[in-house]
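The values are calculated or read from the model by the stated rules, or taken from the named source; none is laboratory data. Bear in mind the structure is a predicted one, so any value in this text is a computation, not a measurement. Neighbour counts are summed over all protein chains in view; Cβ atoms, including those assigned to glycine, are modelled from backbone coordinates with ideal geometry.
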Amino acid sequence: MRSLLLLAALCGIGSFAQADEKYVTIKGTVKWNGEKAPDKEVINVKVNKETCCKAGPLESSKIEVDPKNLGVANVMVWLRPDENDLKNSFPLDQIHPDLVKPKSKEHVIDQPKCQFEPRVTLARAGDTLVVKNSAAIGHNVNYSSDIESFNINLPAGAEKKLDKPLEAQKSFISFACNMHVWMKGKVRVFDHPYYALTDKDGKFEIKDAPVGKWRVVYQHEDGYHKGREGSTGFPVNLKGDKKTMELEAIKLELPKP
C-alpha cells in the first residue's frame, strides 16, 4: 500500500511539473533611447497656480525617465498572438487556469496635485474604475470609452464611479481635466491577463504566460515602440525550461512628433 501511495505521489509531482512547464513568468526592461534622460517639461500653469505650484514649478508626468538607469516608466507591455491581424483576441485555452476567471478589481485614479495619479492604468475586462478628487480645488473629468462617456466637474472631495464595468477595447481610453488642460491620462483594458506597466526603473513582469511563439507589444502614450511597425508586436519564443525568462532590454523608439 505504501508503495502505491508513493508511486501516486510521484506521478502527481510529475504532472504538476509538466503543468508548470507550460507557463513561464517573463521579465523585461524598457530603456530611454539616448545617453541621458530628457529634461522635464515645466508646465505653464495659468489656472489655480497658487495651489498647483505650491511645492514649486509643476512638471509634466508624460515622460518619466530615471536619470540614473534610463528606465522609462508607464510603458504598456502585453502579449498577443503571433500574427498581424489585430482583430484576433488572445486564445482563452492558452490562459493559465488560475487566471481565466479572476476577481474583479477596482482601480482608483486620483488628482491630488494637479496631475492624475496614476497617469496610466491597466485593467482587465470586468474591472471597475473610480475617479476621485482629493485636492482642495475643483477638477473636471472628461472620459470617453467605447461603452461609456462623461464630462463632469468634480468638486473637492468628490468622486465618480463608472456606471459600467470596463470592457476590453483595441485602443487605449483617454481622459482629461478641461479646467487644467495639462492634466491627461490613459486607461487600457485587456481581455486577458498578460499585460504589465513598467515601473520607475522601466521594469515589468508578466506572470504565468503560456510557452510558445507570441508577440510582445510596447506602447507609450506617445506611440508604439518603433511606431506603426510595433503595433503588431515583436516575435518572442517563450520557453518553460525555467520558472522565469528575462527578455532582452529594449531602447524605446517613439514616433517623431
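Tell me, please, whether a residue that is of a type in the set (S, T, N, Q), at pLDDT 95 or above and not in a loop (DSSP other than H, G, I, E, B) can be found in the range 126-133. Yes; the residues of the range 126-133 include at least one that is of a type in the set (S, T, N, Q), at pLDDT 95 or above and not in a loop (DSSP other than H, G, I, E, B).
For the range 29-42, a tally of residues being touching an Asp or Glu at 6+ places or on another chain (Cβ under 7 Å) and among the β-branched types (Val, Ile, Thr) returns 1. Looking only at the range 103-116, count how many residues are surrounded by fewer than 12 Cβ atoms within 10 Å (Cβ to Cβ) and assigned to a loop (DSSP other than H, G, I, E, B). Result for the range 103-116: 1. Entry remark, the range 92-102: residues being surrounded by 14 or more Cβ atoms within 10 Å (Cβ to Cβ) and without any contact (Cβ under 8 Å) to a residue 12 or more places away in the chain number 0 in total. Which condition number does residue 254 fail, the rest of (1) on the phi > 0 side of the Ramachandran plot; (2) touching a Gly at 6+ places or on another chain (Cβ under 6 Å) being met? Failed condition: (1). Selection of the range 63-91 for residues being surrounded by 16 or more Cβ atoms within 10 Å (Cβ to Cβ) and either part of a loop (DSSP other than H, G, I, E, B) or not aliphatic (A, V, I, L, M) (or both) yields 63, 64, 66, 70, 71, 73, 74, 75, 78, 80, 81, 90. Against the numbered list (1) crowded, with 20+ Cβ neighbours inside 10 Å; (2) closer than 19 Å to residue 94 by Cβ; (3) touching a His at 6+ places or on another chain (Cβ under 9 Å); (4) not hydroxyl-bearing (Ser, Thr, Tyr), residue 216 comes up short only at (3). Give me the residue from the range 20-62 that is of a type in the set (Lys, Arg) and in a loop (DSSP other than H, G, I, E, B) and, out of that set, nearest to residue 178 (Cα to Cα). My answer is 46.
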